[in-house]
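Below: the structure, in structure tokens.
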Amino acid sequence: MLSVTHTSSVTEDQIDNLRHLNARFYGVNAHAATRAVLGALEGWPGGLYLVHDAYTRHRREQLLGTPLLVRSGFLGADRDGLRIHHELVPANAEGLAATFVHKVCPADEKGQKRPVPDAVIDAARSAAVDPLAYAAPRTIRLDRDPL
């Protein structure tokens, strides 16, 4: 089950020239949720971490004043990182604004990847959610011409 990990609202300084939430602020919300998830995860070593793989799927524009929330859950975990699903949704309406998958690992003071501790892997796996079909990454095959 996904849980709410971050809330915010669209402010004037986040609006682009088309009067929508600027694309970078979708990511700001997802990264805030990643920090919250890691902060609440028992055994996480704290300190620095690295989002070393990310997938974002924008779905719907958000407008000034829209209250937002991020729901999150673990998709998997291994020594290389935790896979965290986030979905940004308007709190006052149905539908998704965007979905994200972050692969995250601890980092040392130089920003280098460190392995995820076994206790953290176990905790994340025990809290994992089933893959969400509507948030699955889409790929483009590079080995053939799509036309």
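The values are calculated or read from the model by the stated rules, or taken from the named source; none is laboratory data. Computed from a predicted model, the values in this text were never measured in an experiment. Glycine gets a Cβ as well: all are built from the backbone with ideal geometry, and neighbour counts include every protein chain shown. Side chains are part of the model used for accessible areas, which takes the heavy atoms of the whole protein and leaves out ligands, DNA and RNA. Shrake-Rupley method; radii C 1.70, N 1.55, O 1.52, S 1.80 Å.
For this structure, a couple of remarks:
- Qualifying residue in the stretch 68-77 (condition: touching an Asp or Glu at 6+ places or on another chain (Cβ under 6 Å), open to solvent by 40 Å² or more (accessible area, probe 1.4 Å), part of a strand (DSSP E or B) and closer than 21 Å to GLN14 by Cα): yes
- If you go through the stretch 98-117 and pick out every residue that is within 19 Å of VAL129 (Cβ to Cβ) and either hydrophobic (A, V, I, L, M, F, W, C) or open to solvent by less than 10 Å² (accessible area, probe 1.4 Å) (or both), you end up with 7.
- Contacts under 6 angstrom Cβ, first residue in the stretch 94-113 being over 14 Å from PRO45 (Cα atoms), partner assigned to a strand (DSSP E or B) and hydroxyl-bearing (Ser, Thr, Tyr), 6 or more apart: PHE100/THR56; VAL101/TYR55
Each row is one residue, and each column tells you yes or no for (1) touching a helix residue (DSSP H, G or I) at 6+ places or on another chain (Cβ under 7 Å); (2) open to solvent by 70 Å² or more (accessible area, probe 1.4 Å); (3) free of Cβ contacts under 8 Å to residues at least 12 places away in the same chain.
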{"residue": "ARG24", "(1), (2), (3)": "no, yes, yes"}
{"residue": "GLY27", "(1), (2), (3)": "no, no, no"}
{"residue": "ALA30", "(1), (2), (3)": "no, no, no"}
{"residue": "GLU42", "(1), (2), (3)": "yes, yes, no"}
{"residue": "ASP53", "(1), (2), (3)": "no, yes, no"}
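- Residue check, ILE84 surrounded by 11 or more Cβ atoms within 10 Å (Cβ to Cβ), assigned to a strand (DSSP E or B) and hydrophobic (A, V, I, L, M, F, W, C): yes
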